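Colleague: Below is a structure I'd like to ask you about.
The values are calculated or read from the model by the stated rules, or taken from the named source; none is laboratory data. Worth saying up front: this structure is predicted, and the values here are computed from it rather than measured. Quick reminder, even Gly has a Cβ in these numbers, built from the backbone with ideal geometry, and neighbours come from all protein chains shown. Ligands, DNA and RNA are excluded from the accessible area calculation, which covers all protein heavy atoms including side chains. Shrake-Rupley method; radii C 1.70, N 1.55, O 1.52, S 1.80 Å.
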Amino acid sequence: MKTPEAEIGRSFDVHSQTLPNGLEVLLVENPAIPAIAINATVLTGARYEPEDKAGLAIMASNLLDEGTTTRSSFDIASAIEATGGHLETDASFERTVAAAMVLKQDAELGLELVADLLINPIFPEDYVAKEKSRTLAEIASAKDRPQVVAGWALNELIYGTHPLHRPAQGYPETIERITRDDLTTFHGRFFAPNNAILSVVGDFKIAEILSRIERQFGGWRTQAVSLPTIPKPVRQKERREKFISMAAQQSNIYLGHLGIERTNPDFYALQVLDTILGGGAGFTARIPQRLRDELGLAYTTFASVTMTAGIDPGRFVAYIGTSPELQDAKDFLTGSFVFAFESSAQIARFLIQAKIYNLGFNYGEKYPSFIKAISAEDIARVAALYLDTENYTLTVSGPMEER
């Protein structure tokens, strides 16, 4: 029987291949379960949408499965439901994803559906109108939530004109401007095999699944993809504050500033620091537990500098933080890491992350040693280097006078 430590140390035998059209393919045989996880990631997201069309990337991802040149939305839903499988699309700041989970015998159909969604979406006009209405309702609902409003204000003050200042779903006025032509233009500009990565994990043989991938994705035409240049955000050199009066029973307080990129060499020391500050389970931080559970002074306490790290610097953000034992934090991180690789879908997502951030496919073996090597001196060093107690942004929403 494998122990958690043994599982944590696992690595993946990854077959990596680039198709003639530029599509990067990552394959891992995982015969433990007779299912196959497919993750096709296009390297574009809200980062590259126009400022005056904020929300375009997420809207495009939500509409990928609402009809293609070969299938209606009903046909797509019926095909995947008939297999008992699962098909989903999503977008983030950096990426757009079409993913499927199907049984081994339905691998061909799963690949065919994912390819169809990425290559042939038509963004039907009636569905565009419905999606705009749904998004506007979602934004209106979020505006009534003080915690969300304070978070939006924090991002606006930290990032200035950088794309990360925007809410992921956009603003009401930008959603109103989006047209079907905008969606097809966005798709035509960025959705190309040479700007995508396909990972497949499950019960298959490499040669067999490769032939299927080539059959479904090989006809996707290569094109020149010009990604806009995004200036890096600049760390603030002064204190910024915003107080927002809202009808609420409690105040929502955010304090933060610009954070780090995922490739920062101090990422692992800062990840341990996050856990110490309250970014992990409750037992890893004494003050949050006391304020929340013992004194009842707060519903939620949280702090993190690594969670939003990506191609661009994320943000350091905190409700409240504290300093527990260093070993507790390290044990929590190494002990919970195993749960990131329990399913084929999780492994498929990991392969994309490993490729984008150059982590190496043996990251599972290396990660525990990265964390265990962190010392108290490392924590003190990175805290002093990356956390600024003078030049920060403070946003508060709740029952108060607006300033």
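Colleague: Answer yes or no: is there a residue in the stretch 170-181 that is closer than 29 Å to GLU390 by Cα, modelled with pLDDT of 95 or more and among the aliphatic types (A, V, I, L, M).
Modeller: Checked the stretch 170-181: no residue is closer than 29 Å to GLU390 by Cα, modelled with pLDDT of 95 or more and among the aliphatic types (A, V, I, L, M).
Colleague: State whether one or more residues within the stretch 201-208 are hydrophobic (A, V, I, L, M, F, W, C), open to solvent by 50 Å² or more (accessible area, probe 1.4 Å), closer than 30 Å to ASP13 by Cβ and more than 26 Å from the chain's Cα centre (by Cα). Show your work before the answer.
Modeller: First, the residues of the stretch 201-208 that are hydrophobic (A, V, I, L, M, F, W, C): 201, 204, 206-207.
Still in the list and also open to solvent by 50 Å² or more (accessible area, probe 1.4 Å): 207.
Now restrict to residues that are closer than 30 Å to ASP13 by Cβ: 207.
Subset that is more than 26 Å from the chain's Cα centre (by Cα): 207.
Yes: the stretch 201-208 contains one or more residues that are hydrophobic (A, V, I, L, M, F, W, C), open to solvent by 50 Å² or more (accessible area, probe 1.4 Å), closer than 30 Å to ASP13 by Cβ and more than 26 Å from the chain's Cα centre (by Cα).
Colleague: Do we find that ASP116 is without any contact (Cβ under 8 Å) to a residue 12 or more places away in the chain and surrounded by fewer than 22 Cβ atoms within 10 Å (Cβ to Cβ) in this structure?
Modeller: Answer is no for this residue.
Every residue, every condition in (1) under 26 Å from HIS187 (Cα atoms); (2) at pLDDT below 95; (3) open to solvent by 40 Å² or more (accessible area, probe 1.4 Å); (4) of a type in the set (Val, Ile, Thr), yes or no:
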residue: ALA98; (1), (2), (3), (4): yes, no, no, no
residue: MET101; (1), (2), (3), (4): yes, no, yes, no
residue: GLY110; (1), (2), (3), (4): yes, no, no, no
residue: VAL128; (1), (2), (3), (4): yes, no, no, yes
residue: SER133; (1), (2), (3), (4): yes, no, yes, no
residue: GLU138; (1), (2), (3), (4): yes, no, yes, no
residue: ASP144; (1), (2), (3), (4): no, yes, yes, no
residue: GLN147; (1), (2), (3), (4): no, yes, yes, no
residue: LEU154; (1), (2), (3), (4): no, no, no, no
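Colleague: Which strands (runs of 3 or more DSSP E) does the stretch 183-267 wholly contain that include 3 or more residues that are of a type in the set (A, V, I, L, M, F, W, C)?
Modeller: 196-202, 252-258
Table: residues versus (1) on the phi > 0 side of the Ramachandran plot; (2) modelled with pLDDT under 75; (3) part of a loop (DSSP other than H, G, I, E, B).
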position	(1), (2), (3)
LEU291	no, yes, no
THR308	no, no, yes
PRO324	no, yes, yes
ASP378	no, no, no
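Colleague: Can you pull out the residues in the stretch 244-261 that are at pLDDT 95 or above and surrounded by fewer than 19 Cβ atoms within 10 Å (Cβ to Cβ)?
Modeller: If the condition is that a residue be at pLDDT 95 or above and surrounded by fewer than 19 Cβ atoms within 10 Å (Cβ to Cβ), then GLU261 is the only one that fits.
Colleague: Which of the residues that make up the stretch 334-359 are open to solvent by less than 60 Å² (accessible area, probe 1.4 Å) and either under 18 Å from ASP266 (Cβ atoms) or modelled with pLDDT under 85 (or both)? Give the derivation first.
Modeller: Filtering the stretch 334-359 down to residues open to solvent by less than 60 Å² (accessible area, probe 1.4 Å) leaves 334-338, 340-341, 343-348, 350-352, 354, 356-357, 359.
Across the stretch 334-359, the qualifying residues are THR334, GLY335, SER336, PHE337, VAL338, ALA340, PHE341, SER343, TYR357, LEU359.
Colleague: Now for a different question. So which residues in the stretch 107-154 are among the acidic types (Asp, Glu) and part of a helix (DSSP H, G or I)?
Modeller: Residues satisfying the conditions are GLU108, GLU112, ASP116, GLU125, ASP126, GLU131, GLU138.
Colleague: How many residues are β-branched (Val, Ile, Thr) and in a loop (DSSP other than H, G, I, E, B) when one looks only at the stretch 155-182?
Modeller: 3
Colleague: With under 14 Å from ARG95 (Cβ atoms) and either open to solvent by less than 40 Å² (accessible area, probe 1.4 Å) or modelled with pLDDT of 95 or more (or both) as the only criterion, which of ALA54, ALA35, ALA79, ALA40 stands out?
Modeller: ALA40
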